[in-house]
1. Between beta-carbons, use under 11 Å as the cut-off and find the net charge around Val267, counting Lys and Arg +1, Asp and Glu -1.
2. At a probe radius of 1.4 Å, what is the per-residue accessible area of Glu252, in Å² to the nearest 10?
3. If I take all pairs of Cα atoms in the range 242-301, what percentage of them are more than 15 Å from each other?
4. Cross-link candidates for Lys256: which aspartates and glutamates have Cα within less than 19 Å, leaving aside residues fewer than 8 places away along the same chain?
5. Taking H as built 1.01 Å from N, whose amide H comes closer than 5 Å to the amide H of Thr230, not counting residues under 5 places away?
6. Charges at C-beta only: +1 for Lys and Arg, -1 for Asp and Glu. How large is the resulting dipole of the range 128-228 about its Cα centre, in Debye rounded to 20?
7. Ignoring any ligand, DNA or RNA, what whole percent of the accessible area of the range 163-283 comes from carbon and sulfur when the probe is 1.4 angstrom?
8. List nothing, just return the count: lysine pairs in the range 95-203, 8 or more apart or interchain, with Cα separation under 19 Å.
Amino acid sequence: MFIGLCLGRVILETFRPSKSLFFVRWEAFRRNILGLWSHARIFHQSSTMAKSKFEYVRLFETEDRCLPNSWIVVRVDGKGFHKFSTEHDYEKPNDMRALSLMNKAATSVMEEFKDICLAYGQSDEYSFVFRKETQVYSRRSAKLSTNVCSLFTSAFVYYWSEHFPSSKPLYPPVFDGRTVLYPSNQNIRDYLSWRQADCHINNLYNTTFWALILKAGLTAVEAEQKLKGTLSGDKNEILFSQFSINYNKEPEMLRKGTILVRRKVPVALPDGSGTREKSQIVQLHTDVIGDEFWNENNHLLTIS
Ligand code: GTP
Ligand code: MG
């Protein structure tokens, strides 16, 4: 089509009535043909440069945009951290250094991705909640999970020495990452409640299990047998009667996990003339299962 149009133009130009002499016509014809040839060559080259014959393999990539108007959660979880924590001498049942390193890595992720409105972490996992209407990476699921997971992992290693000053990681830690969508406010609240309930169940079990081993001298098998079939009230009772531990007085970070949110905090002006408001990421260790947190932070659930 393009070549046809160009050829038509050459013939018209060449045999215009105003040009009378044959050699003038011939010269014009020759120049136009040369011009057409060089145009065609450039057109061919640029089209092959932009689209190689291999370009078609792009069609194998699948569309993975998250549904609009839904909460996007990216959760990262340590791979084989049962082994990793043992090999790196994590304190049992909880290692404050490890938990604060997790919080630091998660803070780095929130600093980078401003559309994360809340994060929740416990043990070797962290969940990042993106605003319902976020357009980051055009809501592409794999882009979101891989970027969050990659930054979290590199920050975990980057800040390791601040939390474990006397040791280096023995091998590179790995975190997996997944993206999950929650369409309603109730769904996202239930998701966070699920993770916090998991934190409570595991922490109560682990606190009792390790007290039986470290303080009462039971073997792991004996401690497991003793706790088999017990309810949370039974574990509270074992802790209190045998070890004088009031579980409700254990640090909130261990019982409830860590919630990261953005808060406006006053910071001093450099000239000392007063303060200005600055958005900062703050750590909370509060209950997210009941209504109180959501009543106090209802801006988190409303579209901004
Ligand atoms: P995958 O996630 O399936 O790869 O397995 P995992 O070994 O990481 O286990 P999972 O994620 O289910 O649980 C996390 C594990 O990390 C716990 O069971 C503990 O063994 C360990 N862990 C996490 N935090 C601490 C801690 O503060 N202290 C100790 N001692 N261990 C911890
Ligand atoms: Mg894990």
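1. Details: positive: Lys264, Arg276, Lys278; negative: Glu277.
Value of the local net charge: +2.
2. 90 Å²
3. Working: 1176 of 1770 pairs.
Percent of Cα pairs beyond 15 Å in the range 242-301: 66.
4. Counting by Cα, and skipping residues close in sequence, Lys256 has these aspartates and glutamates nearby: Asp77, Glu91, Asp95, Asp124, Glu125, Asp190, Asp198, Asp287, Asp291, Glu292, Glu296.
5. Correct list: empty.
6. On the way: 12 positive and 7 negative charges, 67 e Å.
Value, rounded to 20: 320 debye.
7. On the way: 3890 of 7250 Å².
Accessible surface attributable to carbon and sulfur in the range 163-283 totals 54 percent.
8. Details: Lys104/Lys114; Lys104/Lys168; Lys114/Lys132; Lys114/Lys143; Lys132/Lys143.
Final tally of qualifying lysine pairs is 5.
The values are calculated or read from the model by the stated rules, or taken from the named source; none is laboratory data. Not measured: the values here are computed from a predicted model. Counting neighbours? That spans all protein chains shown, and the Cβs are built from the backbone with ideal geometry, glycine included. For accessibility, only protein heavy atoms count, side chains too; no ligands or nucleic acids. Shrake-Rupley method; radii C 1.70, N 1.55, O 1.52, S 1.80 Å.
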